[in-house]
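Novice: Structure below; questions to follow.
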Amino acid sequence: MAKLLRPQFVLFGDSITQQSFEDGGWGAALTALYARQADVILRAYSGYNTSWALFLLDKIFPKLSSPPDVVTVCFGANDAALPVPDGEKFHVPVPQYKANLHQIVSHIKSNSETTVVVLITPPPVGDEAWIDFCRANYGKQPEALPDRTNEVTKLYAQACKEVAKEADVPVIDLWSVFQQTQNWRQAYLSDGLHLTAGGNRIVFDELVNVLNGISFLRADQLPMDFPSFVDIDPKNPGVAFQTWKNNANLVRFLKKRFDSFCVNQNGLYDSSLPTMY
């Protein structure tokens, strides 16, 4: 199968990811950063937990397809719902959550060991704000038990970090990073669960930091697709396109060599190896 012109970044997750393409979202910001360099593809499903996400793997990451270069995986906010009437539909016990995350990572890696999988923990929960939001929007009764708490979500964030360590993939610990700011509930959460523009900015910055650690995925290293208009001679435009084609073929050749070099003897991607540039 022919290699795609641009690298592909797939954003896979629940509503935290689905809303990332809204105004001020981290997915939209990533798309703008990598304009004409990478295709950022949204594959996110509000309300989904990791158990439901398993049914999507063969559809979103099919075998024998051109594998994506980067996949972010952000699930856990729904898995962490409590097994109470309003939350039991979504609840996944921590051990099963870990097993599901491992299966997701393994499936993605089975298509290509060099695909960079970035796990993202669920963000913390603003307990009171989320209860108020549910009462105002979902008719939750005042005496009803909360369906999510920050204390329980912490367990899922920790489990996500454990999976990242065991699978040897990068992780963004939103649960901890958000709470480094004193007024994080107001600054980063719109309703106690989902993100404000400020919260989206944190996700974007943390993800870019991860990508900047892998030289061939840096926005300032990836080539633009097709020549810039300033390089096109209107009297002989074909020269600029031929020059771009030759340069693009060289970049793809070097990346292929680098990908082969970065799979260590254990068959795992080793980001500590020397950079391509």
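The values are calculated or read from the model by the stated rules, or taken from the named source; none is laboratory data. What you see is a predicted model; the values in this text were computed from it and never measured. Note: ideal-geometry Cβ built from the backbone for every residue, glycine included; neighbour counts use all protein chains shown. These area figures cover heavy atoms from the full protein model, side chains too; ligands, DNA and RNA do not enter into them. Shrake-Rupley method; radii C 1.70, N 1.55, O 1.52, S 1.80 Å.
Novice: Name the most mobile residue of 173, 23, 79, meaning the one with the largest mean-square fluctuation, in a Gaussian network model of the chain with Cα contacts below 10 Å.
Specialist: Taking springs between Cα atoms under 10 Å, the residue moving most is 23.
Novice: Now a separate question. Whole Å is fine, so just give me how far the alpha carbon centre of region 1-76 lies from that of region 127-180.
Specialist: 21
Novice: How big is the C-alpha Rg of region 86-189 next to the rule-of-thumb value 2.2 N^0.38 Å, as a ratio?
Specialist: Compared with the compact-globule rule of thumb, region 86-189 sits at 1.25.
Novice: Here is a follow-up. Would you please give the FRET efficiency between residue 183 and residue 209, computed as 1/(1 + (r/R0)^6) with r the Cβ-Cβ distance and R0 = 22 Å, to the nearest 0.05?
Specialist: Step by step, r from the Cβ atoms, then E = 0.45.
Novice: Counting only C-alpha contacts under 8 Å and six or more residues apart, can you give the relative contact order of region 1-109 as a whole percent?
Specialist: 31 percent.
Novice: Treat every Asp and Glu Cβ in the chain as -1 and every Lys and Arg Cβ as +1, leave all other atoms uncharged, and give the resulting dipole magnitude about the Cα centre to the nearest 20 debye.
Specialist: 1020
Novice: Quick query: amide H of residue 189 versus all other amide H atoms, modeled in the peptide plane; which residues come in under 5 Å with a sequence gap of 5 or more or a different chain?
Specialist: Correct list: 196.
Novice: I've got another one for you. Set Lys and Arg Cβ to +1 and Asp and Glu Cβ to -1, take the dipole of the chain about its Cα centre, and tell me which of 81, 213, 138 lies farthest positive.
Specialist: Going by the charge dipole, the pick is 213.
Novice: Output wanted: per-residue J couplings in Hz (rounded whole) for region 27-43, from phi through Karplus 6.51 cos²θ - 1.76 cosθ + 1.60, θ = phi - 60°, x for Gly and Pro.
Specialist: x, 5, 5, 5, 4, 5, 4, 9, 4, 6, 10, 8, 8, 9, 10, 8, 9
Novice: Given points 7 Å out from each Cα along the Cα-Cβ axis, report the residue 32 to residue 166 separation in nanometres with one decimal.
Specialist: 3.9
Novice: Calculated FRET efficiency, residue 145 and residue 58, Cβ-Cβ r, R0 45 Å, to nearest 0.05?
Specialist: Computed FRET efficiency for residue 145 and residue 58: 0.80.
Novice: Ok, one more. Using the alpha-carbon atoms, what tilt in degrees (0 to 90, nearest 10) does helix 150-167 show relative to the longest principal axis of the chain?
Specialist: For 150-167 against the chain, the angle is about 30 degrees.
Novice: Then there is this: Given the options 25, 90, 190, identify the residue whose Cα lies farthest towards the positive end of the charge dipole of the chain (+1 on Cβ of Lys, Arg; -1 on Cβ of Asp, Glu).
Specialist: 25
Novice: Leaving out ligands, DNA and RNA but keeping every protein chain, what accessible area does residue 160 have, in Å² rounded to the nearest 10, with a 1.4 Å probe?
Specialist: 0
Novice: Search the structure for amide H atoms under 5 Å from the amide H of residue 41, placed 1.01 Å from N in the peptide plane, and list their residues when 5 or more places away or on another chain.
Specialist: Residues meeting the criterion, in which the H sits 1.01 Å from N, are 9, 10, 11.
Novice: For the chain, find the longest principal axis of its Cα atoms and tell me its angle to the long axis of helix 94-111, 0 to 90°, nearest 10.
Specialist: For helix 94-111, the angle is close to 10 degrees.
Novice: Could you calculate the FRET efficiency of residue 231 with residue 110 from 1/(1 + (r/R0)^6), where r is the beta carbon distance between them and R0 is 30 Å, rounded to 0.05?
Specialist: Efficiency at R0 = 30 Å is approximately 0.15.
Novice: Next up: Please report, in debye to the nearest 20, how large the charge dipole of region 125-238 is about its Cα centre when each Lys and Arg carries +1 at its beta carbon and each Asp and Glu carries -1 there.
Specialist: Magnitude of the dipole: close to 120 debye.
Novice: Just want to confirm a number: the relative contact order over the chain, from Cα pairs under 8 angstrom separated by 6+ residues, in percent.
Specialist: 18
Novice: Can you compute the radius of gyration and Dmax for the chain, using only the Cα atoms, both in Å?
Specialist: Just the Cα atoms of the chain yield Rg and Dmax of 20.6, 76 Å.
Novice: Kindly provide the trypsin sites (Lys or Arg not before Pro) of region 29-110 that DSSP labels as loop, not H, G, I, E or B, and whose Cβ sees at most 16 other Cβ atoms within 10 Å.
Specialist: Listed in order of number, the matching sites are 36, 63, 89.
Novice: Amide H neighbours of residue 148 under 5 Å, counting only residues 5+ apart in sequence or on other chains, H built in-plane at 1.01 Å?
Specialist: Amide H neighbours of residue 148: 82.
Novice: Could you tell me what percent of the accessible area of the chain is made up of carbon and sulfur, with a 1.4 Å probe and every protein chain present?
Specialist: About 54 percent, which is the carbon plus sulfur part of the accessible surface.
Novice: In this model, which of 63/109; 109/165; 59/89 are farther than 20 Å apart at the alpha-carbon?
Specialist: Listed pairs above 20 Å: 59/89.
Novice: Mind pulling the angle between the C-alpha long axis of helix 127-138 and the longest principal axis of the chain? Nearest 10 degrees, somewhere in 0 to 90.
Specialist: 90
Novice: Would you list which aspartates and glutamates come within 19 Å of residue 161, measuring only between C-alpha atoms, while excluding same-chain residues fewer than 8 positions from it?
Specialist: By straight Cα distance, residue 161 reaches 14, 79, 151, 173, 205, 206, 270.
Novice: Once you've got the GNM for the chain with C-alpha springs shorter than 10 Å, pick whichever of 12, 241, 216 has the biggest mean-square fluctuation.
Specialist: 241
Novice: May I ask you to give the solvent-accessible area per residue for the chain, in square angstrom, as obtained with a 1.4 angstrom probe?
Specialist: Averaged over the residues of the chain, the accessible area is 51 Å².
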